[in-house]
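Only the coordinates and a few stated rules stand behind these numbers; no lab work does. Just so you know, these numbers come straight off a predicted model, no measurement behind them. Cβ sites come from the backbone with ideal geometry, for glycine too, and all protein chains shown count toward neighbours.
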Amino acid sequence: MGMTMTQKILAKHAGKKECAPGDLIEASLDVLLGNDITTPPAIDIFERSAFGEVFDKEKIVLVPDHFAPNKDIKSAQQCQKMREFAKKQKITHYYEQGQEGMGVEHVILPENGLVKPGDCIIGADSHTCTYGALGAFSTGVGSTDLACAMASGSTWFRVPDAISVVLHGEAGPYVTGKDVILYLIGKIGVDGALYRSLEFSGEGVAKLSMADRLTICNMAIECGAKNGIFPVDAITIEYLNERVPGGYQAAPEWILPDEDAVYEKTIEIDLSSVRPMVAFPHLPSNTHEVGTFGKIQVDQVVIGSCTNGRIEDMRRAAAVLKGRKVAEGMRAIVLPGSQRVYKQALKEGLLEVFVDAGCVVSAPTCGPCLGGHMGVLAKGEKCVSTTNRNFVGRMGHKESEVYLAGVEVAAATAVLGYIGSPEELN
Amino acid sequence: MHFKGKVIKYGANVDTDVIIPARYLNTSDVSELASHCMEDLDPDFKEKVRPGDIIVAGSNFGCGSSREHAPVAIKGSGISCVIAPSFARIFYRNSINTGLAILECAEAAEEIKDGDFIEIDTEEGKISDITSGKTYKASAFPEFISEIIGADGLVGYTKAKLK
């Protein structure tokens, strides 16, 4: 039976010629990721189990990004535990707050060249599926999985069925990867791809930037998918060649899906028909096209996160905010996704645009996305956010509301005071 | 394993943000996590839950974050088992790994009512609703998963693997 990209990568890492949906396999891992919420329990398990040394200090990436810069004493202790473990185990890729290469985990792993096509990656963070954009198999797991894999270098997977998502055409103005993935989630629902891989293809892929693809794969989990994955093309290679140490010229040929690969179903998306989308509370699938609903007044806008904190996102936000002012009573918070994004935004004058417009510009952190810090919502408040989840209480009080959108809608909303598109500013 | 308890029922897509809000994730202390379990979805949960009680919910239970704190908080609050038509995949893994019993059974999840007394035999996948007198059969765990459970969870399994 023909195999999909995901199935090929899993088979390869399990030392098998082939595998089929439903097979339970033990796969070797190329990268293991943990953050300051999920790593401390993993360290407890690792040490309690007397696992001794990690299997490979080069393959573990630890990023204190959620409640860091430390928001309170307990968070500081969690980060401290991680830091001490990294030091003791001589973990190569431990990133300290503020230092080179640091930022929000799913922004920095690709940025630092740690992800390659064909890799098999787990992360104790649900948005680890981001790296499928680079042709890797990458999925989220829990702390016990991370602890055991740090010891053994492998983990178990159930080989997933696949859904083929074929992209056609080219997206229109103000339509980005965020709108494409919100459109897809709205179409299939929050469990529409449960346990399955989302395999993207079609001539529309070439029209999507790396930033768009990373955003799309980032939110594969929001429709229940195990992973999302893009084919490798010239755009991927160029991105990798600039970032992977020693350069990157070509992806291994074995990752290509077989011509007779089996997909449970196929979803066709014409990118030119996708409009700027907003997911209303309290599910990412509760999507509406901008312009199809009345005026919804908003108290806060957040621009950033592992979904939309890349330099392209900063540029898009600045293009909307340049020469404009944030609406009266509105709090607009911009979080560049990494130190590198921050510095580039500084160089390009984007941070000045944000400050002049009346935005808070924060250090890179996941903070507000999960109601941690740097923009928690009060009772009854509404927020338009470029993040990935809008569940009850996600960003603060259980009676607050989160509307998910792309960067340009978020930036326009900051100026308008209600949810709207950049077109309304002209 | 055998469980017997009162049913606490919820709808579909119970997400990890309501199971244990992120604002409490600056600790991994079980009793502290348990004390905030379900508080944004069901503020009375803490008062009404009794040791052994069983959550019966709609599809895609545990969707959202990879936080293992979610099954840990549920188990810590005294819940013995969760029954749903389907579970989000990371939650499913985390439950197996942390020893929270979970069963997939669409019929039971739909028909069993809040407050019913039910009895569960996880080996047989048998669910008996004592209140209504009906019985249900849940999907059995794949053999490999049973092996992990049999090895006292993933840690035990990994230790044996590394030997």
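Of the helices (runs of 4 or more DSSP H) lying entirely inside segment B:97-163, the ones with 1 or more residues being in contact with a Gly (Cβ under 7 Å, 6 or more places away or on another chain) are found at B:106-111.
Within segment B:1-56, the residues that satisfy the criterion of being assigned to a strand (DSSP E or B) and more than 10 Å from chain A (Cβ to nearest Cβ) are B:H2, B:F3, B:K4, B:G5, B:K6, B:V7, B:I8, B:K9, B:I54, B:I55, B:V56.
Going by the structure shown, is B:N26 crowded, with 20+ Cβ neighbours inside 10 Å, of a type outside the set (V, I, T) and in contact (Cβ under 8 Å) with a residue 40 or more places away in the chain? Spelling it out, it is not the case that B:N26 is crowded, with 20+ Cβ neighbours inside 10 Å, of a type outside the set (V, I, T) and in contact (Cβ under 8 Å) with a residue 40 or more places away in the chain. Looking across segment A:1-23, the residues that are among the β-branched types (V, I, T) and out of contact with any helix residue (DSSP H, G or I) (no Cβ under 7 Å at 6 or more places or on another chain) come down to A:T4, A:T6. Among the residues of segment B:73-96, count how many are surrounded by fewer than 24 Cβ atoms within 10 Å (Cβ to Cβ), of a type outside the set (S, T, N, Q), in a loop (DSSP other than H, G, I, E, B) and within 14 Å of chain A (Cβ to nearest Cβ). Residues meeting the conditions: 1. Considering A:G118, A:G132, A:G169, the condition of being buried (at least 24 other Cβ atoms within 10 Å of the Cβ) and within 24 Å of A:P257 (Cβ to Cβ) is satisfied by A:G132 alone. Cβ separations smaller than 8 Å between residues 6+ apart or across chains give the following pairs from segment B:130-154 residues that are more than 10 Å from every other protein chain (Cβ to nearest Cβ) to residues that are surrounded by 14 or more Cβ atoms within 10 Å (Cβ to Cβ) and among the aromatic types (F, W, Y): B:I130/B:F117; B:T131/B:F117; B:I149/B:F141; B:A151/B:Y157.
For (1) within 14 Å of chain B (Cβ to nearest Cβ); (2) in a loop (DSSP other than H, G, I, E, B), each residue gets a yes or a no:
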{"position": "A:E100", "(1), (2)": "no, yes"}
{"position": "A:T139", "(1), (2)": "yes, no"}
{"position": "A:D145", "(1), (2)": "yes, no"}
{"position": "A:G172", "(1), (2)": "no, yes"}
{"position": "A:K178", "(1), (2)": "no, no"}
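Taking the conditions exactly as written (within 14 Å of chain B (Cβ to nearest Cβ), β-branched (V, I, T) and over 18 Å from A:T144 (Cα atoms)), does A:I73 satisfy them or not? In short, yes.
For segment A:379-415, filtering for residues that are surrounded by fewer than 21 Cβ atoms within 10 Å (Cβ to Cβ) and more than 13 Å from chain B (Cβ to nearest Cβ) leaves 3.
Surrounded by fewer than 21 Cβ atoms within 10 Å (Cβ to Cβ), more than 14 Å from chain B (Cβ to nearest Cβ) and charged (D, E, K, R): which single residue out of A:R243, A:R213 fits that description? Going through A:R243, A:R213 in turn, the sole match is A:R243.
Scanning segment A:30-50 for residues that are in a loop (DSSP other than H, G, I, E, B), touching a Ser or Thr at 6+ places or on another chain (Cβ under 8 Å) and surrounded by fewer than 21 Cβ atoms within 10 Å (Cβ to Cβ) gives a single hit, A:S49. The criterion of being under 27 Å from A:V141 (Cβ atoms), in contact with a helix residue (DSSP H, G or I) (Cβ under 8 Å, 6 or more places away or on another chain) and small (G, A, S) does not hold for A:A171. Just one of the numbered conditions (1) part of a helix (DSSP H, G or I); (2) away from chain B (no Cβ under 14 Å) is not true of A:P117: (1). Assess whether A:D36 counts as being of a type outside the set (K, R), within 12 Å of chain B (Cβ to nearest Cβ), closer than 26 Å to B:E32 by Cβ and in contact with a Cys (Cβ under 7 Å, 6 or more places away or on another chain). Yes: the conditions hold for A:D36. Residues that are surrounded by 17 or more Cβ atoms within 10 Å (Cβ to Cβ) and in contact with a Pro (Cβ under 8 Å, 6 or more places away or on another chain) within segment A:258-292 comprise just one, A:V290. Cβ-Cβ distances below 7 Å connect the following pairs, each with a first residue in segment A:343-365 that is under 15 Å from A:V320 (Cα atoms), a second residue that is basic (K, R), and a separation of six or more residues or different chains: A:L350/A:R315; A:V353/A:K322; A:A357/A:R324; A:A357/A:K325; A:G358/A:K325. Only residues that are surrounded by fewer than 24 Cβ atoms within 10 Å (Cβ to Cβ) and not in a helix (DSSP H, G or I) were counted across segment A:294-337, and they come to 16.
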